[in-house]
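Written below as structure tokens is the structure these notes are about.
The values are calculated or read from the model by the stated rules, or taken from the named source; none is laboratory data. Computed from a prediction, not measured in an experiment: that's the story for all the values here. Quick reminder, even Gly has a Cβ in these numbers, built from the backbone with ideal geometry, and neighbours come from all protein chains shown. With ligands, DNA and RNA removed, areas are computed over all heavy atoms of the protein, side chains included. Shrake-Rupley method; radii C 1.70, N 1.55, O 1.52, S 1.80 Å.
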Amino acid sequence: MLTTAINHGIVIDSQNKTKKQLHVGIQGDKIAVLSETPLEAEEVIDAGGLVVSPGFIDPHGHVDGELYAGELSVCQGITTTVGGNCGYSPEDMGEFFKEQERKGFPIHQAMLIGHGIPLRNRAGVYDRYKPACDEEIEIMKETARKAFQDGACGVSFGLDYVPGCSIREVVELARLCAEYGKICPIHTRLLTNEDLYSLYELILVARETKADILISHFVYQYCGGLCDPGLKMLEKAQKEGLNIHIDSGMYTNWTTYFDTATFDLNNIQNNNWKFSQMVVATGKYKGQVMDEELYFRMKEECPHEAVIFFEGIEDEIYECLKKPYAMPSTDIGAYDKGEGHPQIAGTYPRYFREMVRERKLLTLEEAVHKATYLPAKVFKMEDKGVILPGKDADITVFDPAEICDTATYPHMGLPDARPRGIPYVLVAGETAVKEGIYTGSRSGRPIRK
Ligand SMILES: [Zn+2]
């Protein structure tokens, strides 16, 4: 007897971008059968009128073992997340994975080792405005090697957060990634928000090392009118044979921690930013629009809170995500309830609402492909991103006519308001979301590469 059957749904072939009414049978944590006739099982889900998609794979998040971020992820249809991004990760991957395995987690987690913290710190380079010397780079490489052996899937960079980092540092770590068949997601370094040199230096790294490069949250970096020339540069580099992908979210307004180099006064001044473009996302000043007085008060009192920065041209979001080498991503952070940025709860439902239903920029099948098969391929997750017998039973069932986000910015409402139109999510064959509500399941596993 099958454990679960999902009957009468429209099953998306995420690889070939086609769809067909089929009945999906699950045995344990694997997909067992695709059938032309309805199936019997211990638990039967009627997916009549609904889409049956592989679970979404979020190529860029900061879930990193935080339970509430895992819950918000699964409620928006994500069954696998890649963590340790933007240069921030735990150092001991073996220990991290062991703990996640012991406690269980709502979704599967792959992890990157971060170049900023921990690699730079392990090498004793604490000054973000200083490059590392050769000896220090060797220590970073040694630490990264150990993380690879423990299952990390690559090295992440947050170059905006370490403006003083040398290209050599990036090249050496990217070369190591290429050697081990690992990936390099890079949050680029813009010295002003008109800075396309940030892409040149990344193309240089790709050319020099032949590493697989993923540019993180592309629109957050280039939404001020640079997306078009930026994408053209990337496409030229791809024609050279360089393997470069991008991930990008559904918002132009981004968030990061107040104590990063991003919100250092010199960076604010270099970019000609105004305090009024910032809204506090977490903590006691949550929802307040920044002014000079609050800026300096927070620097003293609570530098670790997250702040949202409002900027950008909305159309850039859609232009980027239409590209065949672009994948949707959340950039989700781990915050307390009621705090943060709407990306933590709204990204994927918003992606299907805007890109497919309302703007008709992607077909349903194309949109599913980019949220499932493509990230599985880029991160070499062979058993994920498709609905086929023998593959992992990570499945998201949604209503294409209803799927939508309800989350908003903290000065307007709830950033963690749940989406609508995603009634079922299965993680490793277990029902993690039922009738739109998280069940409390912990069937997610570490993905050791
Ligand atoms: Zn980032």
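Computed quantities for the displayed model
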{"read-out": "Complete set of residues in the range 319-332 that are open to solvent by 10 Å² or more (accessible area, probe 1.4 Å) and under 14 Å from the mean Cα position of the chain (by Cα)", "value": "Asp331"}
{"read-out": "For Lys449: the one exception among (1) of a type outside the set (Gly, Ala, Ser); (2) at pLDDT below 95; (3) assigned by TED's automatic domain parsing to the domain that holds Ile6", "value": "(3)"}
{"read-out": "Boolean, Ile113 is surrounded by 22 or more Cβ atoms within 10 Å (Cβ to Cβ), in contact (Cβ under 8 Å) with a residue 40 or more places away in the chain and outside the structural domain of Phe148 (by TED's automatic domain parsing)", "value": "no"}
{"read-out": "Residue in the range 12-39 that is farthest from the chain's Cα centre (by Cα), counting only those that are open to solvent by less than 60 Å² (accessible area, probe 1.4 Å) and under 15 Å from Lys384 (Cα atoms)", "value": "Ala32"}
{"read-out": "Qualifying positions in the range 379-394 - in contact (Cβ under 8 Å) with a residue 12 or more places away in the chain and of a type in the set (Asp, Glu)", "value": "Asp392, Asp394"}
{"read-out": "Tally, over the range 136-171, of residues that are within 16 Å of the ligand (Cβ to nearest atom) and outside any helix (DSSP H, G or I)", "value": "8"}
{"read-out": "Which numbered condition Thr282 fails, given (1) in a helix (DSSP H, G or I); (2) surrounded by 13 or more Cβ atoms within 10 Å (Cβ to Cβ)", "value": "(1)"}
{"read-out": "Among (1) open to solvent by 30 Å² or more (accessible area, probe 1.4 Å); (2) aliphatic (A, V, I, L, M); (3) in contact with a Leu (Cβ under 9 Å, 6 or more places away or on another chain), the one test that Met412 misses", "value": "(3)"}
{"read-out": "So Gln288, is it out of contact with any helix residue (DSSP H, G or I) (no Cβ under 7 Å at 6 or more places or on another chain) and among the polar types (S, T, N, Q)", "value": "no"}
{"read-out": "Given (1) open to solvent by 20 Å² or more (accessible area, probe 1.4 Å); (2) more than 16 Å from the ligand (Cβ to nearest atom); (3) under 22 Å from the mean Cα position of the chain (by Cα), index of the condition Tyr88 fails", "value": "(2)"}
{"read-out": "Tally, over the range 339-363, of residues that are of a type in the set (Gly, Ala, Ser) and open to solvent by 10 Å² or more (accessible area, probe 1.4 Å)", "value": "0"}
{"read-out": "Unique match (being in contact (Cβ under 8 Å) with a residue 12 or more places away in the chain, away from the ligand (no atom under 16 Å from the Cβ) and crowded, with 16+ Cβ neighbours inside 10 Å) among Glu316, Glu292", "value": "Glu316"}
{"read-out": "Leu204 more than 15 Å from the ligand (Cβ to nearest atom), at negative phi and either in contact with a Cys (Cβ under 9 Å, 6 or more places away or on another chain) or touching a residue at least 24 places away in the same chain (Cβ under 8 Å) (or both)", "value": "yes"}
{"read-out": "Selected residue (only one of Phe218, Phe263, Phe258 is within 16 Å of the ligand (Cβ to nearest atom), within 20 Å of the chain's Cα centre (by Cα) and within 22 Å of Tyr88 (Cβ to Cβ))", "value": "Phe218"}
{"read-out": "Near pairs, Cβ below 6 angstrom, 6+ apart or cross-chain, from the range 174-200 (of a type in the set (Ser, Thr, Tyr)) to any residue that is surrounded by fewer than 19 Cβ atoms within 10 Å (Cβ to Cβ)", "value": "Thr192/Asn270"}
{"read-out": "Candidates Leu190, Leu199 - the one that is part of a loop (DSSP other than H, G, I, E, B) and within 22 Å of the chain's Cα centre (by Cα)", "value": "Leu190"}
{"read-out": "Selection count, the range 172-201, where residues are away from the ligand (no atom under 16 Å from the Cβ), hydrophobic (A, V, I, L, M, F, W, C) and over 16 Å from Asn270 (Cα atoms)", "value": "5"}
{"read-out": "From Val425, Val356, residue being in the same structural domain as His8 (by TED's automatic domain parsing) and among the β-branched types (Val, Ile, Thr)", "value": "Val425"}
{"read-out": "Condition check for Gly164: over 21 Å from Ala237 (Cβ atoms), open to solvent by 10 Å² or more (accessible area, probe 1.4 Å), touching an Asp or Glu at 6+ places or on another chain (Cβ under 8 Å) and small (Gly, Ala, Ser)", "value": "yes"}
{"read-out": "Conditions (1) outside the structural domain of Glu138 (by TED's automatic domain parsing); (2) part of a helix (DSSP H, G or I): number failed by Asn272", "value": "(2)"}
{"read-out": "Matching residues in the range 255-273 - criterion: being surrounded by 13 or more Cβ atoms within 10 Å (Cβ to Cβ) and out of contact with any strand residue (DSSP E or B) (no Cβ under 6 Å at 6 or more places or on another chain)", "value": "Thr256, Asp259, Thr260, Ala261, Phe263, Asp264, Asn267, Ile268, Asn270, Asn271, Trp273"}
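Residue by residue, here is whether (1) within 22 Å of Pro185 (Cα to Cα); (2) of a type outside the set (A, V, I, L, M); (3) not in a strand (DSSP E or B) holds:
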{"site": "Asn16", "(1), (2), (3)": "no, yes, yes"}
{"site": "Ile45", "(1), (2), (3)": "no, no, no"}
{"site": "Gly48", "(1), (2), (3)": "no, yes, yes"}
{"site": "His62", "(1), (2), (3)": "yes, yes, yes"}
{"site": "Ala69", "(1), (2), (3)": "yes, no, yes"}
